[in-house]
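**Student:** Let me begin by handing over the structure; questions about it come next.
The values are calculated or read from the model by the stated rules, or taken from the named source; none is laboratory data. The shown structure was predicted, so the numbers you read here are calculated from the model rather than taken from an experiment. In this analysis, Cβ positions are derived from the backbone assuming ideal geometry, glycine residues included, and neighbour counts consider all displayed protein chains.
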Amino acid sequence: MKILSAEFAGAVHAPGRTPPCTLPEIAFAGRSNVGKSSLLNALLHRKGLARISHTPGRTQAIHFYRVNGRFFFVDLPGYGYARAPEAVRRAWRPLVEGYLEGRASLRAVVVILDIRRDPTAGDVELLAYLAHHGIPALVILSKADKLPRGRRTARASAIAGALSGRPSIPRVEPILFSAVTDLGKEALWRAIRERLAI
């Protein structure tokens, strides 16, 4: 995908404040510190567009990025950081679910997992929620450069098996990704373009 323009288009801090549905959207979700901002910056060829927080779990806003004037990338706040303030953890669900439910312009949610970690209860809950609401999910295993090639394949199979074995989650075929080496970037763009029909 050739990126001609990518710009910050606004943030939503409270449920019910999302902008009108004007262009197709791809949302990105994952627990805090999973590499979501790095993935977004790598996809868009912009080093600092999505800000990488030095305090995981504290950023509780939905960020919209207009890409090529044709669609939006939507950065959902990270979840599951145990040391985040209680008020921040409580705010996550109504903010995110308020966006996801009934968002006519939403084409898919990219769910990012750290390949080195087993899926958490929050990861499973999110994937089951998306499946229940008929929202397509693209599962990405980030930080793949942290593991040797043979270990990546084994971890991908183990994670896919753990998730696909649950009745509430459709079969998962994760994409290995590294923001450092660009591994998986083209595969992810192909999947996104299919969802955007572009």
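**Student:** Do we find that Ile192 is within 21 Å of Glu25 (Cβ to Cβ), among the β-branched types (Val, Ile, Thr) and assigned to a helix (DSSP H, G or I) in this structure?
**Tutor:** In short, yes.
**Student:** While we're looking at this one, here's another question. With the requirement that a residue be in contact with a Lys or Arg (Cβ under 6 Å, 6 or more places away or on another chain) and closer than 17 Å to Arg46 by Cβ, what does the range 1-25 give you?
**Tutor:** Ala6, Glu7, Ala9
**Student:** Exactly one condition in (1) of a type in the set (Asp, Glu); (2) modelled with pLDDT of 95 or more; (3) within 18 Å of the chain's Cα centre (by Cα) is false for Asp145; which is it?
**Tutor:** Asp145 satisfies all of (1) of a type in the set (Asp, Glu); (2) modelled with pLDDT of 95 or more; (3) within 18 Å of the chain's Cα centre (by Cα) except (3).
**Student:** Can you tell me which residues in the range 1-35 are in the same structural domain as Glu101 (by TED's automatic domain parsing) and outside any loop (DSSP other than H, G, I, E, B)?
**Tutor:** Answer for the range 1-35, where residues must be in the same structural domain as Glu101 (by TED's automatic domain parsing) and outside any loop (DSSP other than H, G, I, E, B): Ala6, Glu7, Phe8, Ala9, Gly10, Ala11, Val12.
**Student:** Only residues that are at pLDDT 95 or above and farther than 23 Å from Arg46 by Cα: list them for the range 161-198, please.
**Tutor:** Matches in the range 161-198: Pro174 only.
**Student:** Being over 15 Å from Phe28 (Cα atoms) and among the small types (Gly, Ala, Ser) narrows it down to one of Ser142, Ser164, so name that one.
**Tutor:** So the residue among Ser142, Ser164 that is over 15 Å from Phe28 (Cα atoms) and among the small types (Gly, Ala, Ser) is Ser164.
**Student:** For residues that are charged (D, E, K, R) and either within 22 Å of Ala144 (Cβ to Cβ) or at pLDDT 95 or above (or both), scanning just the range 22-65, find the one that is surrounded by the fewest Cβ atoms within 10 Å (Cβ to Cβ).
**Tutor:** Taking the candidates together, the pick is Lys47.
**Student:** If you don't mind, there's one more thing I want to ask. From the list Ser105, Ser142, which one is over 20 Å from Gly78 (Cα atoms), touching a Phe, Trp or Tyr at 6+ places or on another chain (Cβ under 9 Å) and touching a residue at least 12 places away in the same chain (Cβ under 8 Å)?
**Tutor:** Only one candidate passes the filter, namely Ser105.
**Student:** Within the range 156-180, restricting attention to residues that are in contact with a helix residue (DSSP H, G or I) (Cβ under 9 Å, 6 or more places away or on another chain) and outside any loop (DSSP other than H, G, I, E, B), which residue is surrounded by the fewest Cβ atoms within 10 Å (Cβ to Cβ)?
**Tutor:** Ala162
**Student:** Which members of the range 97-155 meet the condition of being crowded, with 18+ Cβ neighbours inside 10 Å and part of a loop (DSSP other than H, G, I, E, B)?
**Tutor:** Of everything in the range 97-155, those that are crowded, with 18+ Cβ neighbours inside 10 Å and part of a loop (DSSP other than H, G, I, E, B) turn out to be Ile115, Pro119, Lys143, Leu147.
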